[in-house]
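Encoded as structure tokens, the structure appears first; notes follow it.
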Amino acid sequence: MNQLKRILGIVWIALAIAAAYFCVFVFGLPKFSSGKQEDLVFGIIILFILTPLIVAGLGTFGYYALMGDYDEKND
């Protein structure tokens, strides 16, 4: 089970990278070029608030899972 948790740590880190790509290049930056105020506000929220939260959360969870902090201890 501990090995599965470490493999899933790699999956979480990969999800963090994929979320960063999609949040920046698919959801965030195209909103700046549309010219509408509501799209600009949405783009700013995505880029500067949601993207760091999502990427930091997934990346931190994946890092700790990869390092074995969630492993079961058999005392």
Excluding residues fewer than 8 positions from residue 5 in its own chain, the lysines with Cα under 26 Å of it are 73
Contact order relative to length for the chain, counting C-alpha pairs under 8 Å separated by 6 or more residues, stands in percent at 52 percent
If you take log10 I(q)/I(0) by the Debye sum over Cα atoms at q = 0.13, 0.20, 0.21 Å⁻¹ from the coordinates, which of [x] -0.35, -0.81, -0.89; [y] -0.59, -0.88, -0.92; [z] -0.48, -0.77, -0.81 do you get?
[z]
State which helices in the chain qualify, where a helix is a whole DSSP H run, it must extend 20 Å or more along its own axis by its Cα atoms, and its mean Kyte-Doolittle hydropathy must be at least 0.0.
2-21, 51-67
Could you check the spin-label model distance between residue 25 and residue 2? Points 7 Å from the Cα along Cα→Cβ, value in nm.
3.8 nm
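Values in this text are rule-based calculations from the coordinates and carry no lab data. What you see is a predicted model, and the numbers here were worked out from it, not measured in a lab. Cβ sites come from the backbone with ideal geometry, for glycine too, and all protein chains shown count toward neighbours.
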